[in-house]
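Student: Here it is, the structure in full.
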Amino acid sequence: MYHRFHAPCDCRIEQVTFIHGDTWNVNPIALKRIEKLFCKNERAVIRTRLESGDALTLVPVAAILVASIRLHFLNVVLNAESRGPTVFPCDVSVRKGDELGWFEHGSTIIVLAPDQFEFCDNVVESARILAGQPLMRKSVRPAGPAA
């Protein structure tokens, strides 16, 4: 029930797109009952670039009772009064563990990563991920046509 979110790795934030929407609950029951829930709720699409040049996208998704999404590197409040989509160009370097922002209540974050990354074993449906626990690693799958 930690309402703050942090950079999962060293990266450069290139852009934030705020998309206006609803604030449905994002609990497992709602996710099963409401089709494309994450596509309906308010969200901030944070486009970043890793030091390797790979893209990594973080999407904080607002939920019921969330008054706003706050980002330390933007001097705006993203909430129901904001209209979107609104694009905010950025050029901000962050280090792994830096606090990026917070929810005024609580919600979830979607992580979109390149194919060569895979989730760590502790990242499973309904698992609590604590600050400092690993999320992803570079895949160790063999290269070549059989991969």
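Values quoted throughout were computed directly from the atomic coordinates according to the rules given, and no laboratory measurement underlies them. Just so it is clear, the structure is predicted and the values come from calculations on it, not from any experiment. Note that each Cβ is placed from the backbone with ideal geometry, even for glycine, and that neighbours are counted across all protein chains shown.
Student: Out of every Cα pair in segment 1-64, what percent are spaced more than 20 Å from each other?
Tutor: Cα-Cα pairs in segment 1-64 separated by more than 20 Å: 38 percent.
Student: Quick one: what Rg and Dmax do you get for the chain from the alpha carbons, in Å?
Tutor: When restricted to Cα atoms, the chain yields Rg and Dmax of 15.8, 51 Å.
Student: Loop only per DSSP, at most 12 neighbouring Cβ atoms within 10 Å: give me the GluC sites (Glu not before Pro) in segment 1-103, ordered by residue number.
Tutor: When the GluC sites (Glu not before Pro) of segment 1-103 are filtered for loop state and at most 12 Cβ neighbours within 10 Å, 35, 51, 81 remain.
Student: Scan segment 44-109 for trypsin sites (Lys or Arg not before Pro) in coil per DSSP, keeping those whose Cβ has at most 15 other Cβ atoms within 10 Å, and list them by number.
Tutor: When the trypsin sites (Lys or Arg not before Pro) of segment 44-109 are filtered for loop state and at most 15 Cβ neighbours within 10 Å, 83, 95, 96 remain.
Student: Now, a different point. Fully extended, how many nm does the chain gain between residue 27 and residue 75 (0.36 nm per residue separation, minus their Cα-Cα distance)?
Tutor: Residue separation times 0.36 nm, minus the Cα-Cα distance, leaves 14.3 nm.
Student: Something else: Based on DSSP H runs of at least 4 residues, each adding -39500 (n - 2.57), what is the mean residue ellipticity at 222 nm of the chain after dividing by all its residues, to the nearest 500 deg cm²/dmol?
Tutor: Taking each H run of at least 4 residues, the total per residue is -1500 deg cm²/dmol.
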